[in-house]
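To keep things clear, I will list the structure first and then write my remarks on it.
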Amino acid sequence: MANFSKSVIKFIIAILLISFMINLPFSFAQTKNRAPVYVGSEACKQCHESEYKNFMMYAKKSTSFKSIERVKRGLTEEEIKGCYFCHTTGYGKPGGFISPEKTPHLKNAGCEVCHGPGEFHIKTGSPKDTKRRMTIKDCEVCHISERVRAFRYKPMIHGGAH
């Protein structure tokens, strides 16, 4: 009877493993049919520890929400939301920043502002699932002359913002 039980258990485990292996690629393929969502800079830390530390220590973007908090007094809710596009991660995009209460992990301008939503890159580890080469146009989404007079993005692009 004990041999029968072990055989049944092995059979069930084999069926479960096969089922998992069949469904895993299918499930991931289904997610590829939609836009990836933002995961927050903390999710980047495990594989990109040095870059993460440098970004958190030196990049003003890593604490960009403080700028909103500093000036929000006297602004309307709509004016404050206008700040979110450049001072948070992914505002107005699928899986992006909604509010400090609902998406606190996206409340600062993090890694994904430049490198794009990290969901697929986190799942695959593939460099193809993230933007690697930044251009001036990437910076100019937020850093336009009307908003920032003294922003010097060329050293950041060529030297790495982190």
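What residue, of K72, K81, is at pLDDT below 90 and at negative phi?
It is K72.
Just one of the numbered conditions (1) among the aliphatic types (A, V, I, L, M); (2) farther than 30 Å from N33 by Cα; (3) in contact (Cβ under 8 Å) with a residue 24 or more places away in the chain; (4) touching a helix residue (DSSP H, G or I) at 6+ places or on another chain (Cβ under 8 Å) is not true of V141; which one?
(2)
Any idea which of (1) part of a loop (DSSP other than H, G, I, E, B); (2) free of Cβ contacts under 8 Å to residues at least 24 places away in the same chain is the one A109 doesn't satisfy?
Tallying (1) part of a loop (DSSP other than H, G, I, E, B); (2) free of Cβ contacts under 8 Å to residues at least 24 places away in the same chain, A109 fails exactly one: (2).
Hey, E146 hits all of (1) part of a loop (DSSP other than H, G, I, E, B); (2) under 25 Å from Q46 (Cα atoms); (3) not β-branched (V, I, T) but one; which does it fall short on?
Among (1) part of a loop (DSSP other than H, G, I, E, B); (2) under 25 Å from Q46 (Cα atoms); (3) not β-branched (V, I, T), E146 violates only (2).
Which one of these does F120 not meet: (1) farther than 21 Å from S64 by Cβ; (2) more than 12 Å from the chain's Cα centre (by Cα)?
Answer for F120: the failing condition is (2).
The values are calculated or read from the model by the stated rules, or taken from the named source; none is laboratory data. Everything numeric here is computed off the predicted structure, so don't read it as measured data. Cβ sites come from the backbone with ideal geometry, for glycine too, and all protein chains shown count toward neighbours.
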